[in-house]
1. In nm, give the distance between the simple-model label positions of residue 277 and residue 349, each being 7 Å from the Cα along the Cα-to-Cβ direction.
2. How big is segment 265-407 by Rg and Dmax over its Cα atoms, in Å?
3. Nearest 20 debye, what's the magnitude of the dipole of segment 271-407 about its Cα centre given +1 on Lys and Arg Cβ and -1 on Asp and Glu Cβ?
4. Where the centroid of each part is defined by its Cα atoms, how far is segment 337-399 from segment 123-181 in Å?
5. Quick check on the exposure proxy: order 130, 269, 288 from fewest to most C-beta atoms within 10 angstrom.
6. So what does the Cα-only Debye profile of segment 313-379 read at q = 0.19, 0.23, 0.24, 0.29 Å⁻¹, as log10 I(q)/I(0), no solvent term?
7. Let a ≥ b ≥ c be the square roots of the eigenvalues of the Cα gyration tensor of segment 251-295; is it rounded (a/c under 1.5), or, if not, prolate (a/b larger than b/c) or oblate?
8. Please compute the length gained on full extension between residue 383 and residue 367, using 0.36 nm multiplied by the number of residues separating them and subtracting their Cα-Cα distance.
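Laboratory data are not the source of any read-out in this text; all were calculated from the coordinates shown. If you're wondering where the values come from, they're calculated on a predicted model, not measured in any experiment. Counting neighbours? That spans all protein chains shown, and the Cβs are built from the backbone with ideal geometry, glycine included.
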Amino acid sequence: MESSFQRIPGVLLLTLAIGIPAATAHAAAPACSMPAAPSCAGGYEQALADSSGNEFANAPFDLGEGAPAQYGYDLAIDSAPNMIGDLLSSGGYIESSSTDLLTSIPLAGGDRRFKISENMSPLPRDRVFYAFNGFQQGTRTIEGREYDVNRHTLGGEKTFLEGTTSVEVRMPILQGLSALQTLDGDLFNDDRVEFGNMTIIPKFIITDGPSYVLSAGLGINLPTARDSTIVDPGNSFVPSLNMDNQAVHLSPFLGLLVLPSDRTYVISYVQADFDTYGSTISDANGNYVGSYQEQNLFHFDVAAGRFLYRDSGSRLSGIAAQLELHYSTTIQDPDEVRFGTYTICNPYNHIDLLIMTAGVNFQFWDSSWLTVGCAVPLSGEEQDPVYNIHPERPFDAEIQVLFNRYF
């Protein structure tokens, strides 16, 4: 396999630095410029407690010297919503020469990997959350039927070290591709509810100021979903093919949150996704066939949002509109495992995905966010005439509903 970081445009990696100079300029403004603000000698904690009745409300840690972001800025750094996200992380297919069909790899409901831009902020927070992602035509069964994937994610995030570090856990449950695929002519027995691959995400702040936060972390995607089996009763040579769910994916990332003005915010992520182990392929008798290691990926994501309404302390505390662009690309050639009439591979080799997400965020009582969004692929107009699919369109459209409760 070729090393493919050469394919990553260097300009993407530099974009994380765009917001910091502007943010630093804001940070130079006097922290005690408001008439009612206390001196910078350390009295702003009491002012926050007096004004809100809750000491350090919406201030999980001291963002630089002087007063926190509430002083000198209408929008606090921790008031910005999360990035909404975009991706159905499947990748790889099972090709059958006997049926001329291309099947999604039936592990974890057809959604095995993790992306940091999904309902995430660069800022460590204390929260619990629920996320629904409905992908239209997001996977293909062994019978060649396209099927929707509905992902339900439960999770929580806990901060440590005075709010500068956090650990998050995500538990996905998917209504999608069944781990047991049977080529029996029944088009409606190859989908079911599957428990997905859990993810643990430690994250820490590298540097911060009153109007920006730069953080880094590591997504650890664990193989908690069940193993998959493909059964072909009419194939005496290869009656079944087993794929053990063993791959551990490591995803280092950088995240940046910037407040360019008192009502706007920008979020950006750079992430790589490495399959560190691969999954073992075996026949019906348990004999080793090979190991399939998924292609490593590179992701770049940017979101821009603006508050349309803010009323701190009220039932409806804020409304913010948000627009996002998400770019993903493979950074190595694919593996290929052949056995009998089956080939596990990515027949399209290199894939580039560009997806746009738009959404509206509703804040309640300054402590909860409800987000409704929609994502559509912008790339992949060219259709494969053999398998009748668009290789760079992982789904037709996506509906997103996110709820975050902060503490």
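1. 3.1 nm
2. Expressed in Å, the Cα Rg and Dmax of segment 265-407 come to 20.8, 65.
3. 780 debye
4. About 14 Å separates the Cα centre of segment 337-399 from the one of segment 123-181.
5. 288, 130, 269
6. -0.81, -0.95, -0.98, -1.13
7. Prolate shape, in that a/c is at least 1.5 and a/b is the bigger ratio.
8. Answer, rounded to one decimal: 1.2 nm.
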